[in-house]
1. Please work out which one of (1) in contact (Cβ under 8 Å) with a residue 60 or more places away in the chain; (2) crowded, with 18+ Cβ neighbours inside 10 Å is the condition Leu148 fails and give its number.
2. Being open to solvent by less than 80 Å² (accessible area, probe 1.4 Å) and modelled with pLDDT of 90 or more narrows it down to one residue among Val42, Val72; which is it?
3. Can you list residue pairs whose Cβ atoms sit under 6 Å apart, with the first residue in the stretch 101-129 being within 14 Å of Ser177 (Cα to Cα) and the second being surrounded by 16 or more Cβ atoms within 10 Å (Cβ to Cβ) and basic (Lys, Arg)? Count only pairs 6 or more apart in sequence or on different chains.
4. Within the stretch 93-148, how many residues are among the acidic types (Asp, Glu), under 11 Å from His81 (Cβ atoms) and within 13 Å of the chain's Cα centre (by Cα)?
5. Considering each of Ala83, Ala91 in turn, give the residue that is open to solvent by 30 Å² or more (accessible area, probe 1.4 Å), more than 25 Å from Arg184 (Cα to Cα) and among the hydrophobic types (A, V, I, L, M, F, W, C).
6. So Asp56 passes all but one of these: (1) buried (at least 17 other Cβ atoms within 10 Å of the Cβ); (2) modelled with pLDDT of 90 or more; (3) farther than 27 Å from Ile28 by Cβ. Which condition number does it fail?
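The values are calculated or read from the model by the stated rules, or taken from the named source; none is laboratory data. Treat the numbers as computed from the prediction; the structure is a model and nothing was measured. Every residue, glycine among them, receives a Cβ derived from its backbone with ideal geometry; neighbour counts consider all protein chains shown. Areas reflect the complete protein model, heavy atoms only, side chains present, ligands, DNA and RNA absent. Shrake-Rupley method; radii C 1.70, N 1.55, O 1.52, S 1.80 Å.
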Amino acid sequence: TRSFGDNVELVSEMGAEFVKGTQDGGMIATIKHFPGHGDTDVDTHLGLMTLSYGRDRYDKVEFPPFEAAIKVGAKSVRVGHIAVPAYDTAAGIPASVSPHLIEGVLDRYLKFNGLVVTDALAMKGVSEKYHSGEASVLAIKAGADIVLMPPDPDDAIDAIIAAVKRGEISEERIDESVRKLLARKQWVGLAR
């Protein structure tokens, strides 16, 4: 009920047109929920969903709508709390904190270079496994630019600052995300 349908070609076409229309209208389009949330039976607000398909299924069904939206210039993607064993080295790792899915698949394989936003970190799909600060640090290390709605924002900020001070996350990495965010804000005209 929250998608364009279950036909890959239709979803790809409609998604790409929605991205173009949204951005032609001066707003940032965010495609979601990477790596694919259409064929799930768990609400990630309530728990972690695992999609146990092989990579072939992702190339044929899950990724094409994202590829179409990226091709027409989607400026942002939201990464879901969905475990994908076919692309990760450990079981039960949400895509929102997985470098294999964000940096490996989204950035390198699908060639997305826009703003990467996690799904809300207060959702049980990630919060049952990681506390607020830990999830925030893991998400940034995985390639996320924005950690959305951590359950304890102060803990998240403190954990990120501590990770930078320890050298676990470089200042350059933080600066890269800030530059991406500022570029999107400039594009949309928020300074005006």
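1. Of the numbered conditions (1) in contact (Cβ under 8 Å) with a residue 60 or more places away in the chain; (2) crowded, with 18+ Cβ neighbours inside 10 Å, the odd one out for Leu148 is (2).
2. Going through Val42, Val72 in turn, the sole match is Val72.
3. Hits for this filter: Gly114/Lys75; Leu115/Lys180; Leu115/Arg184; Val117/Arg78.
4. Summing the residues that are among the acidic types (Asp, Glu), under 11 Å from His81 (Cβ atoms) and within 13 Å of the chain's Cα centre (by Cα) in the stretch 93-148 gives 1.
5. After applying the criteria, what remains is Ala91.
6. With (1) buried (at least 17 other Cβ atoms within 10 Å of the Cβ); (2) modelled with pLDDT of 90 or more; (3) farther than 27 Å from Ile28 by Cβ applied to Asp56, the lone miss is (1).
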